[in-house]
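Participant: Handing you this structure, nothing more for now.
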Amino acid sequence: MRLQDYWGIGPKTSERLTEALGTERAVAAIESADVRALVDAGLHRGRATRILRRANGEAGMDVLATGDARSVYDDLLALAADAALTAHAADRIRVMTPLLDRDAVEDRLDRVVAARDAWADLDETDREAVEAAFAAYDEADGSDLAAVETAVALREAGLTADPFADVRGSIDPAGGLDGDDIEIAAGADAELDRLRDRLAAARDLTDSAFDVLESVRDGSLRDFEALEAATIDHVARETGVEPATVRATAPDEALDAADFVSATLRDLVVELEDAVDERQAAVAADVRERLGGEAGADPTGEGDDASGGDTTVARAAAAVSEAAFLLSLGRFAAENGHVRPTPVDDGIAVRGARNPFLAGEIQPVSYGVGSHSLADASGVASADAPPTGDRVSVLTGANSGGKTTLLETLCAVALLASMGLPVPADAAEVGTFDRIVFHRRHASFNAGVLESTLKSVVPPLVAEGRTLMLVDEFEAITEPGRAADLLNGLVTLTVDRGALGVYVTHLAEDLSPLPDAARIDGIFAEGLTNDLDLRVDYQPRFETVGKSTPEFIVSRLVANAGDRGVRAGFEHLAGAVGEEAVQRTLSDAEWAADDD
């Protein structure tokens, strides 16, 4: 396959990858979603990520039908990547895409939920040990020895059940661990690193033996013995090898000075090669001993496993890489209280859902459209149990009441579920969607914005397949009367196309009668806190029009006005919105403050 056949790779990018990796390696990197290889080849990480997403999940990327849906998707993967235990696991997370096959979704959910439970079951000491092992694995760039060390740490922490059985099997002595096949990377053993550095320096000197001779030859040297001593001192200084060791490798007899220098360097290289091999064998033997195997033993007698030639250590490396990916996702789910969503045919519903992008104390909410069972078995008050059967809801209510946040929460839940990941809720039922249309409020009152908005939300709505519509405040982009007409049309079109939708608006009272499959819900402001902040119940009240309650805002302005004239102006507005309600709000706030 040509590099330019992949999405996002033009002539210049193709040339860069070919120069850095070669075509075959570049294709392999793309097919295996190896972000690191593309970044090392000179691509920006964001560009490499986008290329790999399309290469490995182009159909899934089509689920993201709008720019706002893609933004939520990017932000979710960034959050998950922050919980990654290795850099490669983070890269793999960043290139995940929605899965269109229900079996694939369920398979990943099985493994991630098991990883979540495994992480949650670890005590603090074992978690720190696992994190340290993966950090060392990362620092060693995923070497075979680091993989084995990490596999040991995972086993000792008790991570041996599914989905980590492959890790256990890869380091089982009965599987035929052969230490001679272990690649001991730089940084794994300090003594081996020193020996390797000395060997490299000696080889460099051997390649330039004539230059060494010129360096030690000096007019002040009186005889051949002086030249021998100068050679030994120079070689010891340049390689870091003890002078006695260099002297021991020097020939007893030499034809001339050049022969002496060449023989000394040649024999020193052999000596150091033996030392490196010996140290490497000792480190490998130590690994085998830690694993409980017999030094040098290969019970299979073949050196390769039965699966096609990879050594057990190579299997350990692959198993640890997969474990890092799954455990990273499990860690993300466990630390944020995510649960496994239940698949449904035609609906999305959550109980106790939380927006994943908000920090601090968050009021969980329950909501849903389409068919689901949370309404019948919610375990909470009926007012908080999302109704079932309605295909569209129109969400109304107070400014700063969390309506857009609820849309974003539903979008995040749908996207996480589509990728086979647990979701931020106490319970969730999520269908499979071919397209997710999320459109945030973009306040710009002109025909161009209206046209671009309609062009972004209508085509995916009328396309074949199942669509989830999450659209915020059409009145922000056209005059209110016409916005109500458009919203009526979109609600009707959503029902007619068999889609599901949640539409946010302040124009509920201006809407024509909605289809039977649609309802109106509301979010209510309940007053002011003792700090004069708006107090909102973020849980929507079903089949109830929400109120903006401007008297709360005016009350706050009256209370905070320092200038007498400005206060008088706000008091005039209080009369317009209901002076009695404003005074009652101020009294409640003062009472709350006195009570504290």
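The values are calculated or read from the model by the stated rules, or taken from the named source; none is laboratory data. Predicted model, so just to flag it, every value in this text is computed and none were measured. With ideal geometry, Cβ positions are generated from the backbone for all residues, glycine too; neighbour counts draw on all protein chains shown.
Participant: Quickly run through the stretch 1-20 and pick out the residues that are of a type in the set (D, E, K, R) and surrounded by fewer than 16 Cβ atoms within 10 Å (Cβ to Cβ). Don't jump to the end; show me each part of the working.
Facilitator: Going residue by residue through the stretch 1-20, those that are of a type in the set (D, E, K, R) are 2, 5, 12, 15-16, 19.
Residues satisfying the conditions are Arg2, Asp5, Lys12, Glu15, Glu19.
Participant: Let me ask you something else. So is Arg36 under 25 Å from the mean Cα position of the chain (by Cα) and surrounded by 14 or more Cβ atoms within 10 Å (Cβ to Cβ) or not? Break it down stepwise before answering.
Facilitator: Working: under 25 Å from the mean Cα position of the chain (by Cα): yes; surrounded by 14 or more Cβ atoms within 10 Å (Cβ to Cβ): yes.
Yes; evaluated as a whole, the condition is true for this residue.
Participant: Cβ-Cβ distance below 6 Å, separation of 6 or more or different chains: which pairs start in the stretch 324-349 with a residue that is touching a residue at least 12 places away in the same chain (Cβ under 8 Å) and end on one that is surrounded by 22 or more Cβ atoms within 10 Å (Cβ to Cβ) and of a type in the set (Phe, Trp, Tyr)?
Facilitator: If the second residue must be surrounded by 22 or more Cβ atoms within 10 Å (Cβ to Cβ) and of a type in the set (Phe, Trp, Tyr), the pairs left are Ala324/Phe134; Gly330/Trp119; Arg331/Trp119; Ala334/Trp119.
Participant: Related question: From the list Leu213, Leu221, Leu199, exactly one residue is aliphatic (A, V, I, L, M), closer than 27 Å to Ser262 by Cα and at pLDDT 85 or above. Which is it? Show your work before the answer.
Facilitator: Values: Leu213 fails: at pLDDT 85 or above; Leu221 fails: at pLDDT 85 or above.
That would be Leu199, the only listed residue that is aliphatic (A, V, I, L, M), closer than 27 Å to Ser262 by Cα and at pLDDT 85 or above.
Participant: Which condition number does Asp75 fail, the rest of (1) surrounded by fewer than 17 Cβ atoms within 10 Å (Cβ to Cβ); (2) acidic (Asp, Glu); (3) within 23 Å of Ser321 (Cβ to Cβ) being met?
Facilitator: Every condition holds for Asp75 apart from (3).
Participant: Being outside any loop (DSSP other than H, G, I, E, B) and among the β-branched types (Val, Ile, Thr) is the filter; apply it to the stretch 38-65 and report the residue that is nearest to Glu335 (Cα to Cα).
Facilitator: If we filter the stretch 38-65 for residues that are outside any loop (DSSP other than H, G, I, E, B), which is where we start, we get 38-40, 45-61, 64.
Still in the list and also among the β-branched types (Val, Ile, Thr): 39, 49, 51.
Values: Val39: 30, Thr49: 25, Ile51: 30 Å.
My answer is Thr49.
Participant: Right, something else. From (1) over 24 Å from Val471 (Cα atoms); (2) crowded, with 16+ Cβ neighbours inside 10 Å; (3) touching a Leu at 6+ places or on another chain (Cβ under 8 Å), pick out the condition that doesn't hold for Thr23.
Facilitator: Among (1) over 24 Å from Val471 (Cα atoms); (2) crowded, with 16+ Cβ neighbours inside 10 Å; (3) touching a Leu at 6+ places or on another chain (Cβ under 8 Å), the lone unmet condition for Thr23 is (2).
Participant: Only residues that are over 24 Å from the mean Cα position of the chain (by Cα) and buried (at least 16 other Cβ atoms within 10 Å of the Cβ): list them for the stretch 359-373, please.
Facilitator: We begin by selecting, within the stretch 359-373, every residue over 24 Å from the mean Cα position of the chain (by Cα); these are 363, 365-373.
Hits for the stretch 359-373 are Val365, Ser366, Tyr367, Gly368, Val369, Gly370, Ser371, His372.
Participant: Determine whether Val423 is closer than 20 Å to Arg391 by Cα, buried (at least 24 other Cβ atoms within 10 Å of the Cβ), at pLDDT 95 or above and under 23 Å from the mean Cα position of the chain (by Cα). Step through it out loud before you land on a result.
Facilitator: Working: closer than 20 Å to Arg391 by Cα: no; buried (at least 24 other Cβ atoms within 10 Å of the Cβ): yes; at pLDDT 95 or above: yes; under 23 Å from the mean Cα position of the chain (by Cα): yes.
Judged against the criteria, Val423 is not a match.
Participant: Six or more apart or on different chains, Cβ under 8 Å: which pairs go from a residue in the stretch 35-59 that's of a type in the set (Val, Ile, Thr) to one that's not in a helix (DSSP H, G or I)? Could you list them?
Facilitator: Qualifying pairs under 8 Å: Val35/Val95; Thr49/Val95; Ile51/Tyr6; Ile51/Trp7; Ile51/Gly8; Ile51/Ile9; Ile51/Leu43.
Participant: Within 12 Å of Thr396 (Cα to Cα), part of a helix (DSSP H, G or I) and at pLDDT below 90, is that true of Glu509? Please lay out each step first, then the result.
Facilitator: Details: within 12 Å of Thr396 (Cα to Cα): yes; part of a helix (DSSP H, G or I): yes; at pLDDT below 90: yes.
Yes; evaluated as a whole, the condition is true for this residue.
Participant: Have a look at Ala258, Ala230, Ala275, Ala282 and point out the one that is closer than 18 Å to Asp189 by Cα, modelled with pLDDT under 90 and assigned by TED's automatic domain parsing to the domain that holds Asp197. Don't jump to the end; show me each part of the working.
Facilitator: Values: Ala258 fails: closer than 18 Å to Asp189 by Cα; Ala230 fails: closer than 18 Å to Asp189 by Cα; Ala275 fails: modelled with pLDDT under 90.
Going through Ala258, Ala230, Ala275, Ala282 in turn, just one is closer than 18 Å to Asp189 by Cα, modelled with pLDDT under 90 and assigned by TED's automatic domain parsing to the domain that holds Asp197: Ala282.
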